[in-house]
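Working notes for the structure below.
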Amino acid sequence: MSQFWKPGTERPQGRVVDDEEGGVLFLSGSHHSSSSRHGYASMEKQRQRLPVFKYRTAILYLVETHATTIIVGETGSGKTTQIPQYLKEAGWAAGGRLIACTQPRRLAVQAVASRVAEEMGVKLGEEVGYTIRFEDVTKPDVTVLKFLTDGVLLREMMDDPLLTKYSVIMVDEAHERSISTDILLGLLKKIQRRRPELRLIISSATIEAKSMSDFFQMRKKRREPENKDHGPQVEPAILSVEGRGFNVQINYAEEPVQDYVQAAVSTTLLIHQREPVGDVLVFLTGQDDIDAAVQLLTDEVQTTGKHSSGLIVLPLYSGLPRADQELVFSPSPRGKRKVVISTNIAETSLTLEGIVYVVDSGFSKQRFYNPISDIENLVVAPISRASARQRTGRAGRVRPGKCYRLYTEEYFLNHMPNEGIPEIQRSNMVSCVIQLKALGIDNILGFDWPASPSAEAMIRALEVLYSLGVLDDDAKLTSPTGFQVAEIPLDPMVSKMIIASSQLGCSEEIITIAAVLSVQSIWISGRGIQKESDEAKLRFAAAEGDHVTFLNVYKGFHQSGKSSQWCHKNFVNYQAMRKVLEVREQLKRIAKRIGLVLKSCESDMELVRKAVTAGFFANACHLEAYSHDGMYKTLRGSQEVYIHPSSVLFRVNPKWVIYYSLVSTDRQYMRNVITIDPSCLLDAAPHFYKMQQSNHLLY
Ligand code: CDP
Ligand code: MG
């Protein structure tokens, strides 16, 4: 190991907040979380050992006396699981009010809610519940602690703009700066002015606490004596929970790493061979590279058993079935070593006990949007130094640990960005604009954002929404289309496709397609089974493309009596299909509620293509006439794109297509592609596309 690895000089731990400025309350202390798993300790004892417990009184006092409290503390100090319980114990849930705790990630919502229910000894879905898109595990009048994604809370504002049923809203993981968190913070600031009794808690693992505090600073009315005897203080309070982890020794790669998946696998095996017991957490980027690493490690365990016996290899990413999630959280059996291969969800959102070694690839999947080409895609991109430090910290929870960074120290010091860019500054703003419009916020450019999105991105979004018929000439939501689109909790392009399908008479089919598109993938894939799974896919392949292929799979699944064996035989992911059924039912309910007509077009796939075009015309592409390798150009920005190998149209290369999304690796790939008739583009969006020559479209 010493040949490859070079110990680093940086110490990751340190005080989280050291800013102590006027008007800001700063408390500190020091605490070492006790070592090892608390096998014998009662739940109550475990709770009291968490660093946050020492601050219980201080937190409750600050929340009582301040409109906004900012709480910063290391991952694992107990912010998410404990603070909502303290609030409940202190009476904030009395009189039918609720306490909300938001998370940017769905998986984290489920995991923390079930943990808190367990700690409180109640059944999940009763006093403690959670809501994520398409899944509501709460009970009216019973649930008092509600965990939810920040996106779901934004949706709730459409029915209850002032969020009147909540007494306290804890916006957790604020450092992630997800797009929904930022919108939520902007809106909550507005709500606070109308509801002085509402309390906000903003919590995070690392935050520029001062800038958040500045954001929530409320302007005082002149000459008004401040809070003599009523109302909370308007100055936000800042509390730092000092729960230092143990030291973590950092090792860097001596040379730049070519293949981080392979390097992560070899490093894990070296750790297993040479280091004492302790679980390993590996940070990769997404389901594809995680599955590949799991496979490589599992193969290794099978072929060279003696070096790798005692390894339990587990993936962790969103969309993982519940049973697999539970394995990740359960302690390793004696003498075994757990290896969890995760996306950046384990960076701060979830705490895994027992981790002693961290392997950091230095990458994560990030969303990037280019307003010039109007292209948004998920890219594997370098993480920031702040993220790298967080990842390292995960190794020091139970005892001193080690972190292996799959990049050089020189790279870390001189090339890694210091902080990440807030998601709102690298996203397409279409969904965001429609949500704000639906909440009656007209001056979107003048909205008070924690970080402002670019004006170009805003203008692009307004343009697309206008073309979709969602906004009118005055940039107001159209009736009924605009309001209907806003009601459907999906990307506005998908929502528009559903609304068009109701008019065209193919809503049953389009709702199925929308449900399939909302799950990650319905196919089982992986190394070694590629050939069989490709063959299986061909059995369903439709000439029109992936969307119609999904309909064939759904039909087959339905005819088999929703059988898991059928799925297994056809390389279809049974869990994903169950989710499709669920989402489909929910979408049908929403469709009925907003007055859409549910109807099947039987076998008239022309209608299906028309409906897809009505929503996704902006993603139309044309095959380059002289291209031999299947190069397409987007009609709008003339960007080079290719059909993804997972598509049934891969190598078929029809002349005109529309894609659902883009992924970028060595090239830009279109995922989920359908052939179209270009004249439909003009019908769908005449103002967006103009016919120049008889068969040539220009933007
Ligand atoms: O939010 P924060 O990172 O500060 O900590 P937390 O999520 O409240 O976790 C506090 C402790 O609860 C962790 O250290 C874990 O020991 C435990 N926990 C757990 O065992 N299982 C979970 N699903 C969540 C938390
Ligand atoms: Mg947390």
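Each reported figure results from applying straightforward, stated rules to the coordinates on display, with no laboratory input. Remember, it's a predicted structure, so these values are computed and weren't measured experimentally. Positions of Cβ are backbone-derived with ideal geometry, glycine not excepted, and every protein chain shown enters the neighbour counts.
Return the pair list, or none, for Cβ contacts closer than 6 Å from residues in region 374-400 that are under 25 Å from M493 (Cα atoms) to residues that are in a helix (DSSP H, G or I), at least 6 apart or on different chains.
What qualifies is D374/R460.
For the condition polar (S, T, N, Q), under 30 Å from E423 (Cβ atoms) and either within 13 Å of ligand 1 (Cβ to nearest atom) or not in a loop (DSSP other than H, G, I, E, B) (or both), what is the one hit in T57, T80?
Answer to the check: T80.
If you check A100, A111, which single one turns out to be touching a residue at least 24 places away in the same chain (Cβ under 8 Å), closer than 15 Å to A174 by Cα and within 16 Å of ligand 2 (Cβ to nearest atom)?
A100
Output the number of the condition that Y357 fails; it satisfies all remaining conditions of (1) more than 23 Å from the chain's Cα centre (by Cα); (2) surrounded by fewer than 19 Cβ atoms within 10 Å (Cβ to Cβ); (3) more than 16 Å from ligand 1 (Cβ to nearest atom).
Tallying (1) more than 23 Å from the chain's Cα centre (by Cα); (2) surrounded by fewer than 19 Cβ atoms within 10 Å (Cβ to Cβ); (3) more than 16 Å from ligand 1 (Cβ to nearest atom), Y357 fails exactly one: (2).
Taking into account only those residues within region 44-101 that are of a type in the set (S, T, N, Q) and closer than 17 Å to L198 by Cβ, which is surrounded by the fewest Cβ atoms within 10 Å (Cβ to Cβ)?
Among those residues, the one meeting the criterion is T65.
Restricting to region 474-508, give me the number of residues that are among the small types (G, A, S) and over 18 Å from T613 (Cβ atoms).
4
Suppose we keep only residues that are of a type in the set (S, T, N, Q) and under 14 Å from the mean Cα position of the chain (by Cα) within region 100-116. Which one would you say is farthest from ligand 1 (Cβ to nearest atom)?
The extreme case among them is T102.
Within region 162-174, identify whether any single residue is within 16 Å of ligand 2 (Cβ to nearest atom), part of a loop (DSSP other than H, G, I, E, B) and small (G, A, S), and answer yes or no.
Scanning region 162-174 turns up no residue that is within 16 Å of ligand 2 (Cβ to nearest atom), part of a loop (DSSP other than H, G, I, E, B) and small (G, A, S).
Would you be able to say whether some residue in region 311-324 is under 19 Å from the mean Cα position of the chain (by Cα), surrounded by 22 or more Cβ atoms within 10 Å (Cβ to Cβ), within 16 Å of ligand 2 (Cβ to nearest atom) and not charged (D, E, K, R)?
Among the residues of region 311-324, at least one is under 19 Å from the mean Cα position of the chain (by Cα), surrounded by 22 or more Cβ atoms within 10 Å (Cβ to Cβ), within 16 Å of ligand 2 (Cβ to nearest atom) and not charged (D, E, K, R), which makes the answer yes.
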